[in-house]
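Each value in this text was obtained by applying a stated rule to the coordinates, not by laboratory testing. Being a predicted model, the structure only gives us computed values, none of them experimental. Please note: Cβ atoms are built from the backbone with ideal geometry, for glycine as well, and neighbour counts cover all protein chains shown.
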Ligand code: NAP
């Protein structure tokens, strides 16, 4: 097995995913990502990463597309295989459940939860082949554990993700593959841009640290969990939320 570590981060076209990939490339990882559309951030990451960066259009939640993407990423990485998977791609929709269309709930669960399961399944053979262990990190949300008005389906998808984390940690532990959830609070990205300024202010006021977590804050935890220093941490849901859940 070569010394280079290749990590798949889903949903790298903006927000937390793009920030993580930039940090991982700077740390010397090879990184591949997928998203439904190409973006300015993907062009920037291609310039930064050169031969260490791979992007392919793929829709997480569609099993055939997930399998094709992971196969292409594995072939691209060659003997580096796949060391880590960060299940980051996700969508959020808000609405009171009584009037929330069933189709929207189904789409959300399909992407956020089923998509993460599909990705973990497709990456598992690569991870299991390694002798140096591996990493799966699920980007969950504090809303998975706490709930939030108007976010039932989203909350359920993230709670499901945390269940996936615990079960897979047991299943893969003997092979030194760790599985953890990283649960951010509110981070200023396109996803949280639907919050109104008063809602945002209320969240900041309730946060012990008096500020939102940043993309960099989330990346620092992902960086640590991917490192050898975190080899004994598995099956955990770790919050990066400025203390709002305490
Ligand atoms: P974002 O800015 O909306 O970015 C989401 C990313 O996921 C984009 O790259 C998007 O690209 C991709 N994506 C969405 N659906 C996809 C699909 N079916 N297949 C492939 N890619 C898909 O969101 P973010 O704030 O960075 O969120 C990243 C993760 O953190 C999500 O799982 C989210 O639930 C979680 N999170 C965010 C916050 C927050 O406050 N921002 C808080 C807690 C947890 P395309 O649209 O081009 O496909």
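With both labels modelled 7 Å from their Cα along Cα-to-Cβ, the residue 228 to residue 245 distance reads 3.0 nm.
Maximal additional length on extending the residue 132-residue 76 stretch stands at 18.2 nm, based on 0.36 nm per residue less the C-alpha distance. Converting the Cα gyration tensor eigenvalues of region 6-240 into ellipsoid dimensions via √(5λ) gives semi-axes, longest first, of 27, 19, 19 Å. From least to most packed, judged by other beta carbons within 10 angstrom and beginning with the fewest, 79, 22 follow the order 79, 22. The distance from the alpha carbon centre of region 109-177 to that of region 25-41 is 20 Å, rounded to a whole number.
Stretching the chain fully between residue 193 and residue 68 yields a gain of 41.8 nm (0.36 nm per residue, less the alpha carbon separation). For the chain, the longest principal axis of the alpha carbon atoms and the long axis of helix 215-226 meet at an angle near 40°. The alpha carbon centroids of region 45-102 and region 232-246 are separated by 23 Å.
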